[in-house]
Amino acid sequence: MKEKPATVFVVDDDDAVRTSLRLLLKSVGLPVETYASAQEFLDGFDAERAGCLVLDIRMPGMSGLELQQRLNEIHAIVPIVFITGHGDVPMAVEAMQHGAVDFIQKPFRDQDLIDRINQALEKDRDNRAGLKERDAIRRRMQQLTPREKEVLDLVTQGKANKVIAGDLNVSQRTVEIHRARVMEKMAASSLAHLVRMVIEAERTAAP
Amino acid sequence: MTTDSPPAEHPTAPSPGTAADELKALLDAAVDAVIVISHDSRIQTFNRAAERLFGYRAEEVFGQSVNVLMAEPYRTAHDGYMRHYMQTGEARIIGIGREVTAQRRDGSQFPASLAVGQVPGSRPPRFIGFLHDITARKAAVEALRRERDRAQSYLDLAQVMLVAIDPGGRIALINRKGCEILGYTEAELIGRDWFEICLPERQRATARAALAASLADVRTPEAYTEDTVLTRQGGLKLIAWRTIVVRDELGRPAGVLSSGEDVTERRRAEQALTRSESLLRAAQAIANLGNYEIHLPSGTTYWSAQMYRILGREPSAGPLPPSEFPAQVVHPDDRERCLREWQRAVEESERFDLEFRILRSDGTAREVHGLAQLQPGAGGESLVITGTLHDITERKHAEDELRQGQERLTHVGRLSTMGEMATGLAHEINQPLTAIATYAQAAVRLMDAGNDDPAELREALVQITNQALRAGEVIRRLRAFVKNKTARTETVDLNRLIEDLRVLAEPDARVNDVRLTVDLGAGLAPVAADPVQIQQVLLNLIRNAIDATLETRGTPREVLVRSGAVADGIEVAVIDRAGGIPPAVAANLFNPFYTTKASGTGLGLAISRSIIRAHRGKLGHRPTPGGGTTFFFTLPPLPGA
């Protein structure tokens with residue numbers, strides 16, 4: 001699947017700060033989009049777009065913290081770098097507890113900001129790669145027959161073939177055939193690999 | 001002449017012989033009229049003196065009733081007397097002299113003394129009467145009486161009371177004025193005890209002793225005394241007495257004669273005057289206010305005692321002449337101004353009203369307030385300058401201290417407001433700094449990357465300049481707001497003032513996530529105000545509105561500043577949509593040091609109100625329609641605006 005390039009979304013109510021950030025990020029070759037308010041950003045939000053959010057923590061109307069809360073509510077994964085003033089450390093801590101990547105105090109050295117943005121973009125890439133991996137596992141799991149799913153569940157619970165044969169009231173040989181089909185369909189290289197994939201699929205299935 | 005020893009028995013008429021002639025000669029030689037009548041009042045003897053006195057010859061009256069010699073009412077009464085005597089033997093006149101009015105032949109009447117006796121042994125009785133013309137004596141007595149009456153009228157005319165007191169303390173004489181003062185009639189007083197009736201009880205013993213001492217020649221009465229008398233109505237009057245001792249022909253004291261003048265009113269007036277003079281003196285000392293008079297053109301000057309005290313000069317040295325006053329008393333720095341004002345007042349007959357400094361003789365300077373008024377003197381050409389000099393040094397100092405105290409307090413209030421707003425202001429300066437740093441770093445990166453678009457670099461530099469100016473502006477306003485300690489009044493456009501204040505107020509609103517909006521009325525008249533102080537008030541109201549908004553959840557986070565014209569001037573309102581003011585808080589709202597905020601000083605509203613009052617405006621609050629509170633202040637428009 002061909003992805004759009006990752007974008008840095010800047011949300012700040014101060015025109016000058018916003019415009020200067022645009023110029024700075026542009027100067028290091030990062031695609032930038034700027035928004036004057038949290039609401040404006042939320043209105044145009046697209047969860048599919050890769051990138052990170054550079055967010056002013058204090059704003060009239062919807063504050064940076066409130067925007068973060070809204071994004072969490074819709075399970076958006078976009079990583080956030082908060083920009084804070086001098087007196088805003090308690091708010092920054094709260095933001096971190098709610099999953100922010102980092103925060104940076106105004107005014108800042110350009111490299112510090114760029115480092116944090118790169119870190120956030122990397123996290124977004126990881127997030128999105130992880131998402132892709134889980135999607136693949138789920139697709140493979142959907143190809144299993146009901147009996148194969150039963151065998152997968154019992155295998156990943158660590159039960160031996162003989163025990164499974166007893167539970168399902170089939171021959172041990174039948175269990176071995178199903179198990180081989182599961183390993184093949186799931187493209188598992190080992191039992192450990194298979195278990196890891198099941199855990200990964202289950203983790204993201206129920207957040 | 002009495003009839004106790006009547007003359008011996010001498011027949012009067014008719015009598016024979018030599019004895020009768022002798023008797024007749026004797027009778028005729030008598031000075032008094034001698035008349036003998038029978039028991040039925042017929043005249044039997046009528047001597048020469050009787051003829052002269054009555055104008056009758058003896059032959060004309062012999063045998064006639066003695067009545068012809070009498071004037072009425074004696075004529076009619078006489079027969080009654082005679083009958084009464086004859087029947088009862090009870091004499092009414094016999095043996096008793098009496099005064100009667102007799103009548104001459106020509107009908108004229110004259111006063112006479114009459115003595116009557118019965119001729120001894122006469123049967124039926126005969127009576128002999130001796131009659132003496134007392135016209136001259138009567139006239140003398142009358143003259144004496146008139147003289148006495150005249151004297152009495154002199155006494156009565158006198159506007160002093162005159163009282164003579166006999167050695168027994170009784171009133172022997174009192175004139176009309178005396179009666180008038182005491183409220184009695186003369187009859188009620190004569191013969192009565194002076195001390196009992198006319199003196200208040202506490203004075204009686206002393207006064208009695210004084211009289212006794214005077215009469216015993218132990219001491220002469222005091223020539224002049226003042227004492228109270230008791231009037232009939234029970235009132236007291238103050239009398240100034242002059243007293244002399246009256247002596248009899250042998251030079252012995254026979255009583256005292258006093259003249260007294262009612263000085264009650266005069267003394268009261270004198271006391272009132274004395275009292276008001278001493279009050280004035282005390283008042284001048286208390287107020288530290290002296291007064292003076294200058295008579296022009298002579299230059300004669302009077303200073304009150306307090307004048308000397310204010311100027312620190314010896315009263316014995318006398319007042320300074322007006323020509324020397326400025327040079328010797330007025331502070332050199334104020335001398336010219338004082339002289340100019342004085343000359344203007346004298347030339348234009350205007351009031352002199354000036355505050356200036358003086359130098360006392362000990363070299364200390366005092367602040368005084370001089371007032372003077374020119375008045376025409378007695379003569380046409382002369383003038384009197386009446387003036388006061390008020391030492392207002394203490395008042396001036398107190399005023400200065402009060403003003404400085406208020407300025408300090410106002411300044412503290414402003415600093416405190418600034419402290420509360422520090423976060424917002426730090427943020428407000430941090431924003432342009434952030435933009436500047438970011439622009440500059442971006443420009444460096446663009447250059448490093450070999451960017452050859454000068455427009456982009458230029459834009460960054462322009463923005464850096466703008467943001468630096470923006471930060472500078474915040475700091476400038478902040479300094480102007482915090483630094484300015486002394487009040488100054490200028491013409492202020494309130495809308496402009498509100499706009500200027502936004503730079504300071506908006507960051508505070510922003511960091512608290514409150515929307516601050518401004519709604520300015522069009523065409524507002526300017527006001528006379530200290531702009532910094534009015535900004536302080538407005539900022540304080542905005543801060544309170546923001547705090548109120550933060551305290552209540554679920555209400556709109558909005559504060560509106562609105563200006564507009566109202567009946568008594570220009571109103572600026574700060575409107576919040578928060579929870580309103582609880583009654584308990586409202587009661588204490590303007591009390592200094594009352595606060596509902598954890599870090600508040602409680603001075604904000606108290607200072608704000610005193611600032612607005614000093615601007616002759618008012619500061620108040622009312623509910624915002626739909627919830628919340630509206631604080632407002634009004635300022636009077638500039639006169640003529």
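Inspection of the stretch B:518-531 finds no residue satisfying the criterion of being in a loop (DSSP other than H, G, I, E, B), touching a residue at least 24 places away in the same chain (Cβ under 8 Å), within 14 Å of another protein chain (Cβ to nearest Cβ) and surrounded by 15 or more Cβ atoms within 10 Å (Cβ to Cβ). In the stretch A:51-75, what count of residues is obtained for those that are assigned to a helix (DSSP H, G or I) and within 13 Å of chain B (Cβ to nearest Cβ)? Here the count works out to 4.
Of everything in the stretch A:1-42 that is facing chain B (nearest Cβ under 9 Å) and of a type in the set (Lys, Arg), the residue that is farthest from A:Leu71 (Cα to Cα) is A:Lys26.
The listed residues are B:Leu273, B:Leu230, B:Leu257, B:Leu211, and the only one of them that is farther than 30 Å from B:Lys396 by Cβ and in contact with a Gly (Cβ under 9 Å, 6 or more places away or on another chain) turns out to be B:Leu211.
Of all residues in the stretch B:455-470, one or more are closer than 30 Å to B:Leu541 by Cβ, within 13 Å of chain A (Cβ to nearest Cβ) and surrounded by fewer than 15 Cβ atoms within 10 Å (Cβ to Cβ).
Tally up the residues in the stretch B:433-454 that are at the interface with another protein chain (Cβ under 7 Å from one of its Cβ atoms) and closer than 28 Å to A:His86 by Cβ, please. So the count comes out to 9. Residues that are closer than 18 Å to B:Leu320 by Cα and either surrounded by 13 or more Cβ atoms within 10 Å (Cβ to Cβ) or in contact (Cβ under 8 Å) with a residue 24 or more places away in the chain (or both) occur in the stretch B:372-379; there is at least one.
Only residues that are in contact with a strand residue (DSSP E or B) (Cβ under 7 Å, 6 or more places away or on another chain), within 13 Å of chain B (Cβ to nearest Cβ) and of a type in the set (A, V, I, L, M, F, W, C) were counted across the stretch A:82-116, and they come to 4. Looking only at the stretch A:178-192, which residues are over 12 Å from A:Ile164 (Cβ atoms) and either assigned to a helix (DSSP H, G or I) or touching a Gly at 6+ places or on another chain (Cβ under 9 Å) (or both)? Those that are over 12 Å from A:Ile164 (Cβ atoms) and either assigned to a helix (DSSP H, G or I) or touching a Gly at 6+ places or on another chain (Cβ under 9 Å) (or both): A:Ala180, A:Arg181, A:Met183, A:Glu184, A:Lys185, A:Leu191, A:Ala192. Any residue in the stretch B:407-423 that is under 24 Å from B:Gly299 (Cβ atoms) and more than 14 Å from chain A (Cβ to nearest Cβ)? No: zero hits.
Residue check: is B:Ser113 part of a loop (DSSP other than H, G, I, E, B), assigned by TED's automatic domain parsing to the domain that holds B:Pro73 and of a type outside the set (A, V, I, L, M, F, W, C)? Answer is no for this residue. Taking helices (runs of 4 or more DSSP H) as the structural unit, those lying wholly within the stretch B:273-354 and holding at least 3 residues that are in the same structural domain as B:Ser382 (by TED's automatic domain parsing) and surrounded by fewer than 14 Cβ atoms within 10 Å (Cβ to Cβ) correspond to B:332-347.
Per-residue answers, yes or no, for (1) more than 20 Å from B:Arg622 (Cα to Cα); (2) modelled with pLDDT of 90 or more; (3) not β-branched (Val, Ile, Thr); (4) not in a loop (DSSP other than H, G, I, E, B):
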residue	(1), (2), (3), (4)
B:Val474	yes, no, no, yes
B:Arg477	yes, no, yes, yes
B:Ala480	yes, no, yes, yes
B:Arg488	yes, no, yes, no
B:Ile498	yes, yes, no, yes
B:Leu501	yes, no, yes, yes
B:Asp508	yes, no, yes, yes
B:Asp513	yes, no, yes, no
B:Leu539	no, no, yes, yes
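Do the conditions hold for A:Lys123, that is, is it within 14 Å of chain B (Cβ to nearest Cβ) and in contact (Cβ under 8 Å) with a residue 24 or more places away in the chain? Considered against the rule, which asks whether it is within 14 Å of chain B (Cβ to nearest Cβ) and in contact (Cβ under 8 Å) with a residue 24 or more places away in the chain, A:Lys123 comes out as no.
The values are calculated or read from the model by the stated rules, or taken from the named source; none is laboratory data. Note that the structure is predicted; figures quoted are calculated from it, not measured. All Cβ positions, glycine included, derive from the backbone under ideal geometry; neighbour counts span all protein chains shown.
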